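Working notes for the structure below.
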Amino acid sequence: MSKTLNLIKTNASNPKVWIVAGITVAGIIVVAETRRRRKKAMIIKREDFGAFMERFELIPFPQPPPPAAKLPLSGLTFAIKDIFDVKGLATGFGNPDWQRTHEVADKTAVVVTALLKNGAKCVGKTVMDELAFGITGENKHYGTPTNPNMPSNVPGGSSSGSAVAVAAELVDFALGTDTIGCVRVPASFCGILGFRPSHGAVSTIGVLPNSQSLDAIGWFARDPSILHCVGNVLLQLKAVEPRRGRHLVFADDLFQLSKVPKQKTVHVISKAVEKLSGYQLPKHVNFCQFIASNVPSLKGFCQHSTNLQNGISALQALSSAMVSLQRYEFKTNHEEWLKDVKPRLGPEVSRCVLAAMNNTYENVKSLYKVRTEMRAAMQSLLKISVASLEMDDGILVIPTIADPPLKLKKGSSTEFNDRACALLSVASMSGCCQVSVPLGEHDGCPISVSFVTYHGADKFLLDTVLDMHASLQEQVSIASNSAPLPDLNGNMDASELLKEKVFPPLTSPVPFQGNAAFKGKQWNRAVNYYTEAIKLNGTNATYYNNRAAAYLELGCFQLAEEDCNKAISLDKKNVKAYLRRGTARDSLLCYKEALEDFKHALVLEPQNKVANLAEKRLRKLVS
């Protein structure tokens, strides 16, 4: 500024100098005003964590006069995703071009009206992923809501703003929609409760569709009693139902996808139910083998592996069917608008939309067949009659999502999406109800598990969460203050995996007994023999390598990976160890790590066909 004043003093009679000075001052004013507005916007965003699209108030219906009971949601506030119609407002669907090209709604969504009738007050609409595509919660146009627990990481989506509004204590509960995880993922990432009801259990009238065969209205809450009350209202549940016994069914193979120690998940839940009445002893299941045997139509969606019984190939096939169904119905619903308007979309959403528009969908009937078979399979697994008057109902326990929240603006990888969708496809493709429950933190990231039960058992599941929650949180506190336990059973239940403890007399050395058991496809017995061999000589890489091969056959991929790590530490040129570790990591959908293993195997053995084929396939996935 001083240079400008000196210039004016020395050249006061020159009009060009005054023009330059004026432009300079104007520029300074504009910059200052821009900074002021940005600062103001940041203050506003800090206040509401960027959760809201617009603020307004929808006043609840009046309380009935005494002696009528108080409305069940009286005094509670809620927010709604920008996918629900509100009379007099244009529903934005997370995209300004959609909002610009659509009229204001002439009615309020049925589900919103139901909440207002029961005493709750709506305070605004929340940010979402564009067109309800995406599970990160990022939005190019309106900004990404700030995850209150991890501000540098994504909040999860597509119902990101609703989850953030609840996690930041801006409202008591919030509505979202869940197609392929759009409530469950943000609930997990934000450390709150998130409920996806049975498909079709809550009215979708006045809600924009993404994929109607997968869409479900869901809700978030911090308090299990509020989650339960909202469920009672929206699901129109009976106050009393016949008493049911409960048994938890742990999907041991699915917990392999999570890197959170089982001490903080499975162990916490098992200890929590020990102190509660009405719970049977937990059961364990290889879930992927179960659906491979009970959902035959999945064979048409198997990718590079032709054996559905191999690891989580069945779940990958289910995930593939889910994504195809979503894209097919999205294209059917919105193709005309997309072609006419050519909306501006963020890069992630644009890729999803292009994939949906470009697919030909020749096997549509099989998509719906998988859905029907999957629902029946879940019914047979979890609904078990034990007496004429009582039911003993099962609850499947799985990780909500495999990985922690991504860093902001990093974009999601094929690996992240595949690992997420594998777990999320279970409820989406079966139409079952699922609740995501927070279980503290691990390495600074929120932990959650999900309880899933059969279609129509929503009250049973909500009652279970309410019943278990206090005991769960008590065990979470104990686990967080305890020293880490060795995760000996790692992936599968140890008692099931190593149940063959009686060996025949040793007529030959233990390793040869292991080899004979392996050739005879007695995988459990082979593991036991190799374990005995390792006890005798813990520095032999071959023993670890061979046990890893048996673990791979059993589907115990984390244990196989650990044994390969040990074998490689003992013998850096052990090609088989790299191949087996790569196979284990590939089976866990950890594509980048698997790729490095197969590359290393090729360095040691350039003509290895298995490594060569795997390296080419994984390179495509990673890129």
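Nothing in this text is a laboratory measurement; each read-out follows from the coordinates by a stated rule. What you see is a predicted model; the values in this text were computed from it and never measured. Here Cβ is always computed from backbone atoms with ideal geometry, including for glycine, and neighbour counts include all displayed protein chains.
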Cα atoms only: what Rg and Dmax, in Å, come out for segment 510-622? 13.8, 43
Rounded to whole Å, give me the distance from the Cα center of segment 542-571 to that of segment 47-87. 55
Once you put a point 7 Å from the Cα of Phe512 and another 7 Å from the Cα of Glu593, both along the Cβ direction, what distance in nm separates them? 3.7
Amide H proximity to Met53 below 5 Å, modelled H, separation 5+ or other chain, gives Lys125, Thr126, Val127
If you average the C-alpha positions of segment 121-147 and of segment 273-287 separately, how far apart do those two centres end up, in angstrom? 37
Across segment 111-123, in residue order, what do the Karplus-derived ³J(HN,Hα) couplings come to in whole Hz, using 6.51 cos²θ - 1.76 cosθ + 1.60 with θ = phi - 60° and x for Gly and Pro? 5, 5, 4, 4, 5, 5, 5, 9, x, 7, 10, 8, 10
Can you list residues whose amide H is under 5 Å from Ile447's amide H, if they're 5+ apart or on another chain and H is modeled 1.01 Å from N? Leu439, Gly440, Glu441, His442
How much length is gained if the chain between Glu532 and Lys283 is pulled fully straight, taking 0.36 nm per residue apart and subtracting their Cα-Cα distance, in nm to one decimal? 86.8 nm
Percent of all alpha-carbon pairs of segment 114-171 at distances over 19 Å, whole number, is 30
How do 569-580, 58-69 rank on mean C-beta neighbours within 10 Å, highest first? 569-580, 58-69
Where does each of 594-603, 466-475 land if you order them by average Cβ count within 10 Å, highest first? 594-603, 466-475
Once you've got the Cα coordinates, tell me which of Lys271/Lys407; Lys81/Lys365; Lys271/Lys566; Lys259/Lys620 are over 28 Å apart. Lys271/Lys407; Lys81/Lys365; Lys271/Lys566
Amide H within-cut-off set for Gln280, under 5 Å, with H built and near neighbours excluded: Arg246, His247, Leu248
Given charges at beta-carbon only (K, R positive; D, E negative), |dipole| of segment 510-622 in Debye: 280
Any idea what the relative contact order of segment 49-481 is, in percent, if you count C-alpha pairs under 8 Å spaced at least 6 apart? 17
Output wanted: per-residue J couplings in Hz (rounded whole) for segment 178-191, from phi through Karplus 6.51 cos²θ - 1.76 cosθ + 1.60, θ = phi - 60°, x for Gly and Pro. 10, 9, 10, x, 6, 9, 5, 5, x, 4, 5, 5, 9, x
Using θ = phi - 60° and the Karplus form 6.51 cos²θ - 1.76 cosθ + 1.60, what ³J(HN,Hα) does each residue of segment 274-284 get, whole Hz, x for Gly and Pro? 4, 8, 10, 8, x, 10, 7, 4, x, 10, 10
In Å, what is the Rg of the alpha-carbon atoms in segment 96-195, and how long is Dmax? 13.6, 39
Per-residue counts of other Cβ atoms within 10 Å, averaged by peptide: what ranking do you get for 355-362, 92-99, highest first? 92-99, 355-362
